[in-house]
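The values are calculated or read from the model by the stated rules, or taken from the named source; none is laboratory data. Treat the numbers as computed from the prediction; the structure is a model and nothing was measured. Glycine also receives a Cβ, built like all others from the backbone with ideal geometry; neighbour counts cover every protein chain displayed. Surface accessibility is based on the protein's heavy atoms, side chains included, excluding ligands, DNA and RNA. Shrake-Rupley method; radii C 1.70, N 1.55, O 1.52, S 1.80 Å.
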Amino acid sequence: MKSGERHDAIVIGAGIVGAACARTLSRDGLKVLVLDAAFAGGGTTAAGMGHIVLMDDSPEQLALTAYSAELWRELTPVLPRSVEMDPCGTIWVAEDDAQMDAVREKQRTYAAHDIPSETLSAARLHGLEPNLRSGLAGGLLVRGDAVLYPPAAALWLLEKARENGATIRESCRVDEIINGAVRVGTEVIEADVIVNAAGAEAGTLAPALPIVPRKGHLAISDRAPGFCRHQLVELGYLTSAHVMTNESVAFNVQPRSTGQVLIGSSRELVGWDGATNRRVLARMLERARLFMPGLSHLSIVRTWTGFRPATIDKLPLIGQYAANQWVAAGHEGLGITTSLGSAEILADLVAGRTPAIHAMPFSPMRSAVAAA
Amino acid sequence: MNTADVTITIDGRAVTVVRGISVAAALINDGMHTFRSSVTATSRGPLCGMGVCYECRLEIDEVAHRRACLVTVTDGQRINTGQRPRQ
Amino acid sequence: MTADVAVIGAGPAGIAAATRAAQAGMRVVLLDESPRAGGQIWRHRTTAGLPKMARQWIARLAQSGAIVAASTAVVDAARDAEGFVITCERDGQALTVRAASIILATGARERFLPFPGWTLPGVIGVGAGQALLKAGTSFRGKRVVISGSGPLIMPVAAALSHGGARVLFVAEQAARSTVMPFVLGLMTRPLMMVQAAAYRAAFMRTPYRFGSWVCAARGDGHVEEVDITNGHVTTTIACDVLCAAFGLLPNTELARLLGCAVAYGSHVIDETQRTTQDGIYSAGESTGVGGVDLALVEGEIAGLSAAGKDARAYFRRRDALCALSRSMERAFAPRAEVLALARSDTIVCRCEDVALGSIRREWTPRQAKLYTRAGMGACQGRVCGAALELIYGWPPDTVRLPAEPALFSTLIANSATADVPLGQGD
C-alpha cells in the first residue's frame, strides 16, 4: 500500500538526534515526516544522563562537541524551563599526579581550541566539591559544560520542527528502508531523503552501518540539594568510554535540577540484554562511592539501563550511505551534546552546503575511504 | 517525666512523648500538621500511615527522607521538619 | 542469613504462613518493614488490645521457631542458582537473606483517588486513621469525617470513636443497591454480622450514608472543611481530619520484580498458593483483597505448601471465603463519579506535584514519567500510578530496582544477586 502523502524527508527516530535533524531539515524548507517506533525522546535519549560536555578522545570528537556546545549556548536563552538547562560545568577529577599531568595536557588541548578551562589544585577542588573524598590530586574545571533534561529537549526540538511544518508520527515502527521510501507494516512512505536516526537501532535497520548497542546502567538518588554542584567525571572515564571492553565502570555524577544526584556510568557489550545486572550496578555505585563517600547516606530511588549507539572509532555516522539514504546515528554517550552539531552537518550535506566543521571524519563511508 | 516517656527534639524543641509511639504520632500529638514541604512548596503531612506514600518524610537523627510513620520514637531522637527554625 | 522459607510481610497471612512452615520443620524468617509483626490489621504497640485470634496467632508464631526480622524493608529479591537472594535494609544496614522459597504476604495498601484539596495535611486514608491511631496518634476531641469504601470503614470508625474522636459523618461511596448482594452473602457468616453490628454501635450517632463521597477539602495549611456529595446534594462539614480512600489494592511490586504474573491487580496463584514462579508462594491480600480470615487460611496453605506438606484440608474454607471476597470486590467497586473528582489543576502525583491536566490520557505511564515526572518520586508511583490506572485506564508501569528507595550501600551489598529482566530506559 503506497501512502498518499508525499514528504521531502523522512527522519526515522524521534530521539534527540532525530528531533534535531527534523528541526534543521524543516528549517531548510523541506517537508519533514518524523517516525518513531514508540514515542518522542523515549529511547536512549531518556535513558542517558543528559550532558553538554566537551570530549577530546580525538580531535574530531573535540571539534564536534565544541561546535555542538556552541549551538546549545546559542539556544539556551530560548529553551523552556522544562529542558532544565543548567550551566553547572564539568570537573574532570584527577586521583594522582599522573592524572594531574593528564589534566594539564587536557587543559593545553582545550586552550589550543580556544576552550576556556581551569586547572584545580586539590584544595580548590575540595572547596568546589566538598563531598569529594580528600586526597584527590586536583582536577580540571570546564565551565562551559552543562546538563539538561534530554526528553524535554527532544520534545522542544520537535516542536520547532512542527512550527516549520514537520509532522511527527509516534508508535510507528519502520520495518525497512527501501529505495526512496520506508515501509511501516504494509504502508510504504516515499521521500527523497531518508534519514536513519534510529540511534542504537540504526544498525538493525541498516545492517551496513557499523553501530552496536553498548549497555549502560544509571541510578538516581532521592533529593539532596547541594550534594554536588558540577558534573563530576573521573579522568579515567575517557578510557572507559574509549576501550571497547566487555565491561567497564567509571565515576560520573550530575546534579539534577530537582536536587537529585544522577549516578553513572557503566559500559557493557552484551547485545540487547537490557536486564539490570546487579553486579555491574554495584560496581558502578562502588566506584562512585570511592570518589564521594557521602553518597553512602543517600537513598537510590530508581535504577535503569539503556543502550548507547556505539561505533568502533567512537565517532558518529553523519552523511549519505546509499541513494536517498542518510544517517545521523552512532553517537555513543554523546548524543545529547552532539545532536545539534550533527543535525547542522546533516542538513548542510543534504543541501549541498559546506558544513562548519569537517564532515569527512563522520562520513558513514569513512572505513571504505580509509581502506581505499 | 515517668519511665513510660521518652524525650525527643522536634525542630530543636524538647518534647516528652509516650514510649513506643511512632514519630508521626509524636508530631501530630504535638500539634504539627506539616511534616514536609512539597516540591512546589505546599504543606504535606502523613497520608497512608503505613509507609507507602512517603508524604511523612522528614529528617530523623540527621538522616533525610525517613518515613515518620515507620520509625518509633527513641530517647534523644532529633527530628527536623524544616518547617520551624531550629533553636 | 539463610532460611528454607522467607516470608515477606508479617500481617495475618505472613504470620500464619511462617507459623505453619516453621511447625513443619522449616527454617523460616519472617520479614516486615514495621517495628512489630501484625501487619496493618493487627498493628499494635502491646498485644493487650488485640482481638483474641490475633493474640493466639502471635503466640503461635513466637513458639513456632520462625525468626521475625522486624523494621526490615525488602528492597530487592531475585533468583540465583541456589534459590533466592533477598536484599533488605534494617537500621541503615544491608541484610541479605538466602532462602530456598519465598512466601509473598505483601498485603494491600489503600487506593487513593485525587480530589481538590486531597493534599492538605489532615487529609489521610481510612486505614491510615487506624494505623496512625494504633501507632499512638491521639484523635481525642478531633472532628473526623470518613469517606471510604468497603468493610474497612466500620472498624476504623469504631476505633476512632473509641479513641475519643467525634466522628461526624461516614460516607460509603458504593450504592446501597450494589452492596446488598454482599450483605446477603454475609448472612451465612453470622459472626461477621455480629462484628459489623458491634462496630456500628460504637459510632451509632454518626450518619452512615451509602452512595456518598467526598468531593473537595479546603483549609489554610490544614483541612478545615470538606464537601460530601451524593451526586445531587452537596453538604459542607467542618472537621479536623478527613479519612478518605476508595478501598484497598494489593501490593504487587515485589512479585513483579520476581517475574510472578499479576492479573486484575493481584498475584496469580494455583490452589497451593503457588505463584507462576517456582518456589514463590503468595497469601493474603496480595492475591486479592479478602480480609483477615481468608488471609489466615491462605497463609496456612502457603506455609504448608512451601514446606512440601499437603494443605488440601484447608482448601474448602479458603474457597468459600474467596467467593465472599469476590462478591465484596463487586459490591464496593469505585463508582464512575469518584474517578472524575480531580480537576485539571488537582495534583495527582504528590511526590512531584504533577497536576492531572498536564498528564494526557493517550500517553503511557512511562511517557507521563518522562514528560511530567509523574510517578518518578519517592513512592515510585504507588499512589498516582494506581489512581491513573483507574482514571485513565492505564496499565501498571514496570517495576524497577530497588523495590523501595534503598541506601547506596545496600545496593552495593546487593552485588551477589543474579540479573532480573527489567525494561530498558526510564
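Brief remarks follow.
- Residue in the stretch B:34-55 that is over 26 Å from residue C:349 (Cα atoms), in contact with a helix residue (DSSP H, G or I) (Cβ under 9 Å, 6 or more places away or on another chain) and either more than 7 Å from chain C (Cβ to nearest Cβ) or open to solvent by 40 Å² or more (accessible area, probe 1.4 Å) (or both) present: no
- Test: residue in the stretch A:309-327 that is open to solvent by 10 Å² or more (accessible area, probe 1.4 Å), farther than 17 Å from residue A:363 by Cβ and either at pLDDT 95 or above or assigned to a loop (DSSP other than H, G, I, E, B) (or both): no
- Hey, residue C:48 surrounded by fewer than 24 Cβ atoms within 10 Å (Cβ to Cβ), in contact (Cβ under 8 Å) with a residue 40 or more places away in the chain and more than 9 Å from every other protein chain (Cβ to nearest Cβ) or not: no
- Matching residues, the stretch C:298-353, being small (Gly, Ala, Ser), open to solvent by 20 Å² or more (accessible area, probe 1.4 Å), more than 23 Å from residue C:113 (Cβ to Cβ) and outside any helix (DSSP H, G or I): C:308
- Those strands (runs of 3 or more DSSP E) of the stretch A:225-305 in which at least 1 residues are within 10 Å of another protein chain (Cβ to nearest Cβ) and either without any contact (Cβ under 8 Å) to a residue 60 or more places away in the chain or closer than 24 Å to residue C:75 by Cβ (or both), considering only elements entirely within it, cover A:261-268.
- Some residue of the stretch A:33-45 being hydroxyl-bearing (Ser, Thr, Tyr), open to solvent by 40 Å² or more (accessible area, probe 1.4 Å), within 18 Å of residue A:156 (Cβ to Cβ) and not in a strand (DSSP E or B): yes
- Number of positions in the stretch C:68-90 that are crowded, with 22+ Cβ neighbours inside 10 Å, under 24 Å from residue C:20 (Cβ atoms) and within 14 Å of chain A (Cβ to nearest Cβ): 3
- Close pairs (7 angstrom Cβ cut-off, 6 or more residues apart or separate chains): closer than 16 Å to residue C:266 by Cβ in the stretch C:302-328, of a type in the set (Val, Ile, Thr) and surrounded by 14 or more Cβ atoms within 10 Å (Cβ to Cβ) anywhere: C:302/C:103; C:318/C:297; C:318/C:301; C:321/C:297; C:325/C:289
- Of all residues in the stretch C:354-364 being assigned to a helix (DSSP H, G or I) and not aliphatic (A, V, I, L, M), the one that is nearest to residue C:147 (Cα to Cα): C:357
- Residues within the stretch C:162-209 that are among the hydroxyl-bearing types (Ser, Thr, Tyr) and either without any contact (Cβ under 8 Å) to a residue 12 or more places away in the chain or open to solvent by less than 30 Å² (accessible area, probe 1.4 Å) (or both), tallied: 3
- Within the stretch C:170-204, being touching a strand residue (DSSP E or B) at 6+ places or on another chain (Cβ under 8 Å) and of a type outside the set (Val, Ile, Thr) holds for C:171, C:172, C:173, C:174, C:175, C:176, C:200, C:203.
- Candidates are the residues of the stretch A:306-331 that are within 14 Å of another protein chain (Cβ to nearest Cβ) and not charged (D, E, K, R); the one that is nearest to residue C:90 (Cα to Cα) is A:306.
- Hits in the stretch C:383-396 - residues which are part of a loop (DSSP other than H, G, I, E, B) and buried (at least 22 other Cβ atoms within 10 Å of the Cβ): C:383
- Subset of the stretch C:1-37 that is touching a residue at least 60 places away in the same chain (Cβ under 8 Å) and charged (D, E, K, R) - its residue that is nearest to residue C:295 (Cα to Cα): C:20
- Qualifying residue in the stretch C:406-414 (condition: within 21 Å of residue C:353 (Cα to Cα) and either surrounded by fewer than 21 Cβ atoms within 10 Å (Cβ to Cβ) or at the interface with another protein chain (Cβ under 8 Å from one of its Cβ atoms) (or both)): no
- Pick from the stretch C:91-127, criterion in a loop (DSSP other than H, G, I, E, B) and at pLDDT below 95, ranking: farthest from the other protein chains (Cβ to nearest Cβ): C:91
- Between A:104, A:73, A:108, the distinction of being out of contact with any strand residue (DSSP E or B) (no Cβ under 9 Å at 6 or more places or on another chain) and of a type outside the set (Asp, Glu) belongs to A:108 only.
- Meets criteria (open to solvent by 20 Å² or more (accessible area, probe 1.4 Å), more than 17 Å from residue C:321 (Cβ to Cβ) and out of contact with any Asp or Glu (no Cβ under 7 Å at 6 or more places or on another chain)) for residue C:293: no
- Selection count, the stretch A:183-224, where residues are of a type in the set (D, E, K, R), part of a loop (DSSP other than H, G, I, E, B) and free of Cβ contacts under 8 Å to residues at least 60 places away in the same chain: 1
- Total residues in the stretch C:359-388, condition closer than 19 Å to residue B:48 by Cβ, touching a residue at least 24 places away in the same chain (Cβ under 8 Å) and not basic (Lys, Arg): 13
- Checked against the criterion of being more than 17 Å from the chain's Cα centre (by Cα), open to solvent by less than 30 Å² (accessible area, probe 1.4 Å) and not charged (D, E, K, R), the candidates A:270, A:280 yield just one match: A:280.
- If you go through the stretch A:292-346 and keep only what is closer than 30 Å to residue A:133 by Cβ and acidic (Asp, Glu), you end up with just A:332.
- Taken residue by residue, the stretch B:70-80 has at least one member that is open to solvent by 10 Å² or more (accessible area, probe 1.4 Å) and facing another protein chain (nearest Cβ under 8 Å).
- Residue match in the stretch C:19-39 (condition: closer than 17 Å to residue C:105 by Cα, in contact with a His (Cβ under 8 Å, 6 or more places away or on another chain) and open to solvent by 10 Å² or more (accessible area, probe 1.4 Å)): yes
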